[in-house]
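Encoded as structure tokens, the structure appears first; notes follow it.
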Amino acid sequence: MNIIKMNKIGFCYGVSRALDIVENQKTYQNTYLLGDLVHNKKVSKDLKNRGIIVLNGKSRIELLNEIPNNSQVIITAHGVSDEVIKKCKEKNLTIIDATCPFVTKSYNSVKEYINQNYDIIFIGKENHPETEACLGISPNVHLYKKDLPIILNSKILIAYQTTMSHYDIEQTIQEIKKQYPNAIVSKMICHQTEIRQNELINLCINLKKSSSPSKNLIIVIGDKLSNNSNKLFETTIRYNIPSIFINSVKELESYPLSNFSTIYLCSGTSSPNYLVSEIENYLKTK
């Protein structure tokens, strides 16, 4: 059995940076995390074991009500709105900002267009932290839904969540442009996400051309909460390539791996490197 890893696999720079920022803190006493640092249960469990209190289930602004004044608060890699930062300061919270620089850049881009009197149509998953943060920038940011809002402004920018796929974005952009043909588009897909998506698309295309495509298996490593991991798995389904979506070695134990001659490993940007190694080492014993 051949085992082939994608060129980009495991944590991306933004996730590694966020974890480094958290791990370099001198104390975790009275430290609260606004949501999951990254969308992976294994990472969240490790942070909880360190004594960090992970808050979930509400908007970021609502979660702040659960944090005592003068505590430490960690901003996740997805970032937050200026309104959340303002409330943190009002509660005298020590802010540990682990926002991915690329996400910060995308929010700043939206702010620049708003300052130029644009309305923004944002494509993103409802209740995702990036969507929440972007909608919190201004009332002029509108979440894309099937029934598009009525916007009288002739200056419209289409923006989107950094972990979306080209496939989703292009289709949705065309729908928006039917109603707003003059809308312009801001390029916001994370570079790391884009590289992984393109590499997997090229692999799927080549496997479809091979003499025995059914003898190849693609394993997508990632948490079901991770949008970019889900998009990778959706790509394999779209090309009808045998594939599975897992977040642990245990999920492989009952899978008929012997049916395949070559197994390809890819992962979302929030998948721990040690998990990739565990799965690779397990496959080498088969």
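The values are calculated or read from the model by the stated rules, or taken from the named source; none is laboratory data. Everything numeric in this text was worked out from a predicted model, so none of it was measured. Quick reminder, even Gly has a Cβ in these numbers, built from the backbone with ideal geometry, and neighbours come from all protein chains shown. Side chains included, ligands, DNA and RNA excluded: accessible areas come from the protein's heavy atoms. Shrake-Rupley method; radii C 1.70, N 1.55, O 1.52, S 1.80 Å.
The string of couplings for the range 182-193 from the Karplus curve (6.51, -1.76, 1.60, θ = phi - 60°) is 8, 4, 9, 10, 9, 6, 10, 5, 4, 4, 5, 4 Hz, one whole number per residue in order, with x for Gly and Pro. By the rule of a C-alpha distance below 18 Å, with chain neighbours fewer than 8 residues away ignored, the lysines paired with K146 are K125, K177, K178. In the chain, helices alone account for a calculated mean residue ellipticity at 222 nm of -12000 deg cm²/dmol, with every DSSP H run of four or more residues adding -39,500 (n - 2.57). Remark on the range 96-201: Rg and Dmax equal 13.5, 43 Å (Cα only).
Dipole magnitude for the range 188-227: computed about the Cα centre from +1 point charges on Lys and Arg Cβ and -1 point charges on Asp and Glu Cβ, it is near 240 debye. Taking amide H as placed 1.01 Å from N in the peptide plane, T262 has its amide H under 5 Å from the amide H of N2, L217, each at least 5 places away in sequence or on another chain. The trypsin sites (Lys or Arg not before Pro) found in the range 88-190 that occupy coil by DSSP, while having at most 11 further C-beta atoms within 10 Å, are K145, K146, K187. Partners of K111 within straight-line reach, counting aspartates and glutamates whose Cα lies under 16 Å from its Cα and excluding those fewer than 8 residues away in the same chain: D82, E83, D119, E130, E132. Scanning residues 5 or more positions from D97 or on other chains, those with amide H under 5 Å from its amide H are I75, with H placed 1.01 Å from N in the peptide plane.
In sequence order, the range 150-164 has phi-based couplings of 7, 10, 7, 4, 7, 9, 10, 10, 9, 10, 7, 4, 5, 9, 6 Hz under the Karplus curve 6.51 cos²θ - 1.76 cosθ + 1.60, θ = phi - 60°, and Gly or Pro positions carry x. Normalised radius of gyration (Cα atoms, divided by 2.2 N^0.38 Å) for the chain: 1.09. Rolling a 1.4 Å probe over the heavy atoms of the protein chains gives the chain an accessible area of 48 Å² per residue.
What per residue convex hull volume, in Å³, comes out for the range 41-84 when only alpha-carbon positions are used?
92 Å³
With R₀ fixed at 22 Å, the C-beta to C-beta distance from T104 to E194 puts the FRET efficiency at about 0.80.
Tell me, what % of the accessible area of the chain is carbon and sulfur with a 1.4 angstrom probe?
Details: 6540 of 13810 Å².
Accessible surface attributable to carbon and sulfur in the chain totals 47 percent.
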